[in-house]
Amino acid sequence: MTRHDSDPSADQTGFDEEFDDGSLLKSIIDAAPDAIITIDVDGLVRSFSPAAERMFGFQAAEVIGRNVNMLMPSPDKERHDGYLARYLRTGEKRIIGIGREINARRKDGEVFSAELAVGELVLGEHRLFTGFIRDVTDRVEAERKADQLQRELAHLNRIQTMGELATALAHELNQPLAAISNYAQAARRVIDAEAADPTKADPAKVSAMLAQVAEQALRAGEIMKRMRGFAQRGEIDRQPEDINGIVREAVRLSLGGLTPRDVDVSFQLADNLPPVGVDRIQIQQVIMNLMRNALDALLVGTHPAVDISTALSHPDKRVQISAAGHDGDQVRVSVRDSGPGIAPEIANRLFDPLATTKKTGLGVGLAICRTIVEAHGGKIWAESTPGEGAAFHFTLPGGE
Ligand code: ADP
């Protein structure tokens with residue numbers, strides 16, 4: 001087979017008279033967005049389209065007559081002659097008519113991703129190969145970025161979950177720890193008073209306080225255990241429970257050392273409720289969070305440093321807790337307070353993590369409540385009339 005020596009000066013793109021199927025073909029090739037490169041059986045470039053010039057940064061004249069491997073990075077650069085020879089010897093098509101993604105090399109040395117489709121052309125005694133090359137750098141780069149984003153998101157998600165868990169744990173542990181500290185200090189005061197004046201001995205009182213310390217410490221341990229379980233399994237330990245019992249216990253725990261003489265806490269618990277299949281500790285956490293918010297709301301406007309038991313001195317500070325049937329066999333628990341109501345600026349993101357209007361608030365309480373309630377198949381929502389207090393309701397599916 002003779003090599004066809006083109007004359008680049010006659011036609012910059014190399015479509016000389018012998019292969020020119022006319023101006024129509026040339027104009028199609030010139031306008032094609034893909035680079036079109038023709039090589040002969042020796043791997044020498046015979047034509048190099050305008051798009052190829054733009055893509056590779058070479059002028060046709062710099063490439064025509066030279067080995068096409070100048071447009072490839074290693075290892076294809078060294079292997080291309082071998083690929084061609086093998087095809088001519090065996091006729092086994094590895095790329096012709098198949099196409100694949102390859103790496104190509106621009107004049108400035110930059111390697112880029114490209115899709116290559118190769119066609120074979122037999123014209124008389126000449127045999128040519130035409131490569132159609134599409135620069136897919138942008139697509140590959142977009143895919144790479146998407147992959148990276150995906151990885152970063154997964155990582156962030158893990159960090160965020162860990163962070164949320166840590167915040168939630170801190171939030172939930174705060175209350176039993178504060179109660180433990182309060183009871184322990186109170187017990188010490190009683191003992192100190194007894195040391196100064198033995199007639200003031202009150203062992204029953206000290207014993208009751210220490211019993212509270214023990215109960216709260218166990219509760220803190222229980223919270224940690226449940227939180228860990230929640231994180232590991234992502235599921236909940238459901239048992240058939242009496243919702244009224246859960247409500248009473250949670251309210252008692254949330255009032256903690258506070259003597260509710262200045263806040264009117266009342267219950268309205270229906271007595272015909274079905275058992276609920278719940279994780280007792282988690283549902284108690286929800287009620288305790290709602291109770292804590294209600295008490296916080298009743299304290300608005302008072303000095304934050306004032307002891308809660310003396311600050312709650314207003315006669316119309318009320319919290320009402322109710323449990324009732326809801327929509328078929330569901331049970332609804334509500335905590336209603338007579339505080340100032342929900343601030344309008346937070347009303348539509350109450351349950352978002354980190355949404356708070358309190359100076360020292362973490363803004364995770366209601367977010368945790370929502371997670372727990374929804375994990376139980378229930379719903380949580382709030383109602384509020386400014387100036388007339390707020391009500392938080394949540395539902396739980398009834399049944400074992
Ligand atoms: P935090 O109590 O740490 O602020 P929460 O998620 O428990 O976090 O509450 C978010 C916000 O919802 C509170 O900062 C408060 O503005 C509002 N909120 C919650 N409960 C009540 C309530 N009973 N009355 C008025 N506003 C409330």
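Summary of computed values
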item	result
Potential lengthening between E110 and A170 on full extension [0.36 nm per residue; Cα-Cα distance subtracted]	16.3 nm
Label point distance in nm, D327-Q239, each placed 7 Å from Cα along Cα→Cβ	2.8 nm
Net lengthening on full extension, K225/R86 (0.36 nm per residue, minus Cα-Cα)	43.3 nm
Stokes-Einstein D in µm²/s, Kirkwood radius over Cα pairs - the stretch 332-400 at 4 °C with 1.567 mPa s viscosity	102 µm²/s
With all protein chains modelled, accessible area of H393 [1.4 Å, Å²]	10 Å²
With every protein chain in place, the stretch 60-123: carbon and sulfur % of accessible area (1.4 Å)	50 percent
Heavy-atom accessible area order for R189, R46, R106, largest first, 1.4 Å probe	R189, R106, R46
Nonlocal amide H pairs with G325, under 5 Å, H built at 1.01 Å	R332
Nonlocal amide H pairs with G341, under 5 Å, H built at 1.01 Å	G387, G389, A390
Per-residue SASA entry for D242, accessible area with 1.4 Å probe, Å² rounded to 10	90 Å²
Isotropically averaged projected area of the stretch 66-112, using the convex hull of Cα atoms (one quarter of hull area), nm²	3.7 nm²
Neighbourhood charge, 12 Å Cβ-Cβ cut-off, centred on A355 and excluding it, Lys, Arg +1 and Asp, Glu -1	+1
Neighbour-limited loop hits for trypsin sites (Lys or Arg not before Pro), the stretch 318-381 (at most 10 other Cβ within 10 Å; DSSP other than H, G, I, E, B)	K359
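The values are calculated or read from the model by the stated rules, or taken from the named source; none is laboratory data. Since the structure is predicted, the reported quantities are computational estimates derived from the model, not experimental observations. Glycine also receives a Cβ, built like all others from the backbone with ideal geometry; neighbour counts cover every protein chain displayed. Calculation scope for accessible area: heavy atoms of the full protein, side chains included, ligands and nucleic acids excluded. Shrake-Rupley method; radii C 1.70, N 1.55, O 1.52, S 1.80 Å.
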